[in-house]
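Notes for the one structure printed next.
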């Protein structure tokens, strides 16, 4: 199992913090969580951050200011369903969080690791 902390950032963290996590996890994405849990409330991509800078946000802006709440994930029961995973990758999604029934993250499937 991966070190999930590299994929998670608190909603109150800065965009600079998000970029550091993205650099460290090499996935071009980070998942935004509620502070007191690992419940996923959104996702931020490198592209989202670039677009936010063009709109006037800066490195000190909060992750919650720009996170996307409409994101794709798999339920824990589907984590080994290769057909579902491949269909998501074919839609251009390159990283898939695996969530339990409370939307807490339990794993991440990265496209590059999946094809190995």
*asked:* Can you give me the distance in nm between label points at residue 75 and residue 112, each placed 7 Å from the Cα along the Cα-to-Cβ direction?
replied: 3.2 nm
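What number results when the radius of gyration of the chain, computed over Cα atoms, is divided by 2.2 N^0.38 Å? Walk me through the intermediate numbers first.
Working: Rg = 13.8 Å, N = 116, 2.2 N^0.38 = 13.4 Å.
Scaled against compact globular proteins, the figure is 1.03.
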*Listed peptides 106-114, 77-85, 26-34, 92-100 by packing density, highest first (mean Cβ within 10 Å)*: 26-34, 92-100, 106-114, 77-85
*Among bridges DSSP assigns within region 4-115, what percent are antiparallel (round to 5)?*
70 percent
_Can you compute the modelled spin-label distance between residue 103 and residue 65, with each label point 7 Å from Cα toward Cβ, in nm?_
2.2 nm
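Need the full-extension length gain, residue 16 to residue 89, defined as separation in residues times 0.36 nm minus the C-alpha distance. One decimal, nm.
Working: separation 73, 0.36 × 73 = 26.28 nm, distance 2.75 nm.
Length gained, residue 16 through residue 89: 23.5 nm.
Rule-based calculations on the coordinates, nothing more; no lab input. What you see is a predicted model, and the numbers here were worked out from it, not measured in a lab. Every residue, glycine as well, gets a Cβ built from its backbone with ideal geometry; the counts of neighbours run over all protein chains shown.
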